[in-house]
Amino acid sequence: MLAGGEPLLSRDWLYSVAEHKELLGLVFTNGTLFDENWYNFFENHRNLIALFSVEGLPERTDRRRGLGISETINTVMAQMRNRKIPFGISVTTGCHNIDEVTSEEFISPYIKLGCRIVIHVEYVPIGISADFLPLSQDEKARLSEYCNDKEKNDKAIYVSFPGNEEESGGCLAAGRGFVYIAASGSLEPCPFAPCSDRNLAAMPFIEALRSPLLESIRSKAHSLREGVGGCSLRTSSFNL
């Protein structure tokens, strides 16, 4: 996964990743930098898939991301559909918009435009002041059920992230299932847990994976429990 800032500003990095045909890369973008060169890039490198970041109905997306962004995204999607280039959407999902983003009014236009991947990124708070936005446990279960039901009826893949960690065998961060590389080179267990004791500028990736921090998380993964925001790693970080 290649995510923000804006990945399309890192042209060299994207071209480098694209050469690894055996890897599938999801590129989270706001869509504003798309031009003929980028259409050609994604058409010729189909192992990379653009995911357009939206917040809900057009008004909500424009309110958070800027006036006219929703229309820009729709225009880019139409171009990609005409070229038969696969794409999807990424939706920041919290208690403030779950009704909206699980409605047919929201998703139907994107499916008609050709969207084939829908990733609900569950809101995980960074500070105490944002604790009112995450999904409740009931809402998380509802979102998971929604994704499962939609996959049966739509020609699209639906994913909620982090999702139900218990169903997937506990927290998958720290290299059990994935790991996060920050722009600084810091190797972090997860995008939702910005802590690190190793940097890839100073050592090979394999060596960094053996860091005491990541090994501690991996050894305790099955004992971590979800808290506010659904991220068990953030809830348990002070006990690692």
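None of the figures in this text is laboratory data; all of them are computed from the coordinates on show. Being a predicted model, the structure only gives us computed values, none of them experimental. Every residue, glycine as well, gets a Cβ built from its backbone with ideal geometry; the counts of neighbours run over all protein chains shown.
Distant-in-sequence amide contacts of SER160, defined by a placed amide H-H separation under 5 Å and a gap of 5 or more residues or a different chain, comprise HIS120. Summing +1 for each Lys or Arg and -1 for each Asp or Glu among the other residues whose beta-carbon sits under 14 angstrom from that of MET203 gives 0.
For the chain, the dipole from Cβ point charges (+1 on Lys and Arg, -1 on Asp and Glu) about the Cα centre works out to 460 debye, to the nearest 20. Overall shape of the chain was characterised from the C-alpha gyration tensor. The equivalent ellipsoid obtained from it has semi-axes of 29, 24, 16 Å, in decreasing order. Potential lengthening of the chain between ARG210 and ARG64 amounts to 48.7 nm, from the contour at 0.36 nm per residue minus the alpha-carbon distance. For ARG198, the residues 5 or more places off, or on other chains, whose built amide H falls under 5 Å of its own are LEU187.
With K and R counted +1 and D and E -1, the other residues having a Cβ less than 15 Å from that of ALA182 yield a net charge of -1. Set against the 2.2 N^0.38 Å expectation for a compact globular protein, the stretch 82-223 has a Cα radius of gyration ratio of 1.21. Between ASP138 and LEU9, residue separation times 0.36 nm minus the direct Cα-Cα distance comes to 42.6 nm.
Each Cα pair under 8 Å and six or more residues apart adds its separation to the average, and for the chain the resulting relative contact order is 13 percent. Label zone of LYS21 (point 7 Å out along Cα→Cβ, amide N under 18 Å): in the stretch 51-88 this covers 86.
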